[in-house]
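What follows is calculated from the coordinates using simple rules that are stated; it is not laboratory data. Predicted, not measured: the structure shown is a model, and the values here were computed from it. Don't worry about glycine lacking a Cβ; one is built from the backbone with ideal geometry, like all the others, and counts go over all protein chains shown.
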Amino acid sequence: TAADKCRAVLTLWTERQSLTELCREMGVTWNVLNQWQETAMTGLLQALEPKRKVPCGQIPLSTRLQGLLERNLARVELPSAPTKTPLPRTVETATRLPVTEAAKAKLEKAG
């Protein structure tokens, strides 16, 4: 179910179980679990697109979430961002990234 997938992804992101243990427990391959993570991250990015100016605070991202965010942002077209700009390390900075209309369309299509 969707709830089971959410629990599995959150278990990975909070590092409560290893990938191997979770795959064995859920009876799925690494590729399936990775796809769930990618889908969850895409949904989070879309859901957290700023709609109003409310500070989220400086909540640090785990290493796993940072890696997923970096891979997904590499796929999304950002408007002429300098190549040396550091990637976000907190929820607040991640949600304030500029996203082009083409990237928004891709996210909507994927969701």
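Given the peptides 66-74, 23-31, arrange them by the average over their residues of other C-beta atoms within 10 Å, most packed first.
Per-residue Cβ counts within 10 Å, averaged per peptide and sorted highest first, yield 66-74, 23-31.
With a cut-off of 16 Å, note down the residues of segment 22-46 whose backbone N falls inside the zone around a label point 7 Å from the Cα of T14 toward its beta carbon.
22
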